[in-house]
Ligand code: CAA
């Protein structure tokens, strides 16, 4: 067993950190206040090579391993959640799922554009009436010769207004013997597609979230990912990747809380003494440190399992569940340590508090992950070998 990061890992961590501090942090408060998102951030991330992390060189990516993606997510979320969400959706939910499930022809067709950032990918599973109960979606796909006709809508879609293509999960209308699922790549420029932004979010305000609609939208059969009937498995695989990026990003929030609190606790004095000397403040700082260090171990383990090509559904659920709760608790403590200053956007911790709350809802709620962990322990849930796994990193 070797817990050390390689020099290449350190380089990725350092460049993602610099990107966050130079390109994201300077105007993050203004963008968050105005709930302003635009495509510029995606273009900058593409130019910095961040969108090709963990994609093999054969498909135009950087050829770095899966731990690298986690490190980049941690450092990006240390700057702002909206930057990490780009990697979660584009790289985790969309690109890695194509790498796992796409045919060789599909990988050659789509991965180079995604790795370079010429194309941005997103994911469409959740619907107005199907969130946790993801299997019971209403979007329908009807086979018609060499195509499928899609009708339905998806909501809470990150990058809805900017993505060029979406990995969409639908139920097959005329499947035999019973309705089952299929996954498709739907391109934005297809007639019958439209998107609309959602407004008024509690957090991640400078990130784009919206709805996407399919109205008699025709998708060629060659855009189906996996076989008919694989759709739900494709969706769950996508979540194995997405949850990894959310879990690693959550560690970045804790680190950002520590960055802010270490400074504030040494500057702010009460009765002539730094508040960092107060034991109740130290207790909160110590909990944050534990959350950060435990969180890293949890997501490094998942990255290592990804590198080996092993199924890691239980482990990634654990990392996402524990890290997101610890990030929320850290942000809550960070507000507490800052007192009234923590309650306004003069300091970043109120943003961490709002942003960290979202991650306990998306990509499996806190409650869903609690149930998943209990079910594994009680033997009600077990990991069967997968029909298709993410290629191991070589
Ligand atoms: N990889 C591949 N296949 C998998 C899998 C995985 N990780 N997990 C399950 N499967 C397969 C199973 O093997 C099973 O197939 P077999 O019967 O052939 O073995 C099939 O899928 C059904 O699996 P389960 O029995 O586990 O299904 P379930 O109904 O018990 O799952 C659930 C329940 C775990 C709660 C699941 O519905 C779930 O995770 N819900 C939460 C959904 C979620 O996270 N939504 C967030 C959407 S993304 C988002 O937030 C938007 C965004 O853009 C940020």
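Given the options 76, 98, 69, name the one that is over 20 Å from residue 15 (Cα atoms), modelled with pLDDT of 95 or more and buried (at least 24 other Cβ atoms within 10 Å of the Cβ).
98
If you take the residues of region 3-17 that are loosely packed, with under 13 Cβ neighbours inside 10 Å and outside any loop (DSSP other than H, G, I, E, B), which of them is farthest from the chain's Cα centre (by Cα)?
Filtering first and then ranking leaves 7.
Under 9 Å by Cβ, and 6 or more places apart or on different chains, what pairs join a residue from region 261-286 that is in contact (Cβ under 8 Å) with a residue 60 or more places away in the chain and not assigned by TED's automatic domain parsing to the domain that holds residue 332 with one that is surrounded by 11 or more Cβ atoms within 10 Å (Cβ to Cβ) and part of a helix (DSSP H, G or I)?
Taking only residues 6 or more apart or on different chains, not a single pair turns up.
When residue 133 is evaluated against the numbered criteria (1) surrounded by fewer than 21 Cβ atoms within 10 Å (Cβ to Cβ); (2) away from the ligand (no atom under 14 Å from the Cβ), which criterion, by number, is the only one it fails?
Single failed check for residue 133: (2).
Wholly within region 35-111, which helices (runs of 4 or more DSSP H) include no fewer than the required count, namely at least 2 residues that are away from the ligand (no atom under 16 Å from the Cβ), in contact (Cβ under 8 Å) with a residue 40 or more places away in the chain and farther than 15 Å from residue 393 by Cβ?
40-47, 66-79
Checking the condition crowded, with 19+ Cβ neighbours inside 10 Å and over 18 Å from the mean Cα position of the chain (by Cα), which residue from 342, 358, 303 passes? Steps first, please.
On the way: 358 fails: over 18 Å from the mean Cα position of the chain (by Cα); 303 fails: over 18 Å from the mean Cα position of the chain (by Cα).
Answer to the selection: 342.
When the residues of region 182-203 are narrowed to those that are within 14 Å of the ligand (Cβ to nearest atom) and closer than 25 Å to residue 100 by Cβ, which ends up surrounded by the fewest Cβ atoms within 10 Å (Cβ to Cβ)?
Ranking the candidates gives 182 first.
Kindly provide the set of residues from region 117-134 that are outside any loop (DSSP other than H, G, I, E, B) and farther than 16 Å from residue 362 by Cα, ordered by number.
121
Could you tell me whether any residue of region 263-276 is part of a loop (DSSP other than H, G, I, E, B) and either in contact with a helix residue (DSSP H, G or I) (Cβ under 9 Å, 6 or more places away or on another chain) or within 30 Å of residue 148 (Cα to Cα) (or both)?
Our first condition is that a residue be part of a loop (DSSP other than H, G, I, E, B); within region 263-276, this holds for 268, 271-272.
So of that shortlist, the ones also either in contact with a helix residue (DSSP H, G or I) (Cβ under 9 Å, 6 or more places away or on another chain) or within 30 Å of residue 148 (Cα to Cα) (or both) come out as 268.
Yes: one or more hits.
So which residues in region 23-33 are in contact (Cβ under 8 Å) with a residue 24 or more places away in the chain and under 21 Å from residue 197 (Cα atoms)?
Result: 28, 29, 31, 32, 33.
Are there any pairs with C-beta distances below 8 angstrom linking a residue in region 204-219 that is not assigned by TED's automatic domain parsing to the domain that holds residue 84 and away from the ligand (no atom under 16 Å from the Cβ) to a residue that is modelled with pLDDT under 95 and in a strand (DSSP E or B), with the two at least 6 apart or on different chains, and if so which?
Within 8 Å, the pairs are 218/144.
Provide a single number: the residues in region 300-338 that are part of a loop (DSSP other than H, G, I, E, B) and in contact with a helix residue (DSSP H, G or I) (Cβ under 6 Å, 6 or more places away or on another chain).
Qualifying residue count for the region: 1.
Answer yes if at least one residue in region 249-256 is more than 16 Å from the ligand (Cβ to nearest atom), within 27 Å of residue 286 (Cβ to Cβ) and touching a strand residue (DSSP E or B) at 6+ places or on another chain (Cβ under 8 Å), and no otherwise.
Checked against the condition, which is being more than 16 Å from the ligand (Cβ to nearest atom), within 27 Å of residue 286 (Cβ to Cβ) and touching a strand residue (DSSP E or B) at 6+ places or on another chain (Cβ under 8 Å), region 249-256 yields no hits at all.
Of everything in region 145-164 that's surrounded by fewer than 22 Cβ atoms within 10 Å (Cβ to Cβ) and not in a loop (DSSP other than H, G, I, E, B), which residue is nearest to the ligand (Cβ to nearest atom)?
156
Would you pick out the residues in region 368-392 that are closer than 30 Å to residue 57 by Cβ and either more than 10 Å from the ligand (Cβ to nearest atom) or surrounded by 15 or more Cβ atoms within 10 Å (Cβ to Cβ) (or both)?
Listed by number, the residues that qualify are 386, 389, 390, 391, 392.
Looking at 85, 89, which is the one that is in contact with a strand residue (DSSP E or B) (Cβ under 7 Å, 6 or more places away or on another chain) and closer than 24 Å to residue 294 by Cα?
One residue alone meets the criteria, 85.
The values are calculated or read from the model by the stated rules, or taken from the named source; none is laboratory data. Every value quoted in this text rests on a predicted model; they were computed, and no experiment measured them. When we count neighbours, we look across all protein chains shown, and the Cβ atoms used for this are built from the backbone with ideal geometry, even at glycine.
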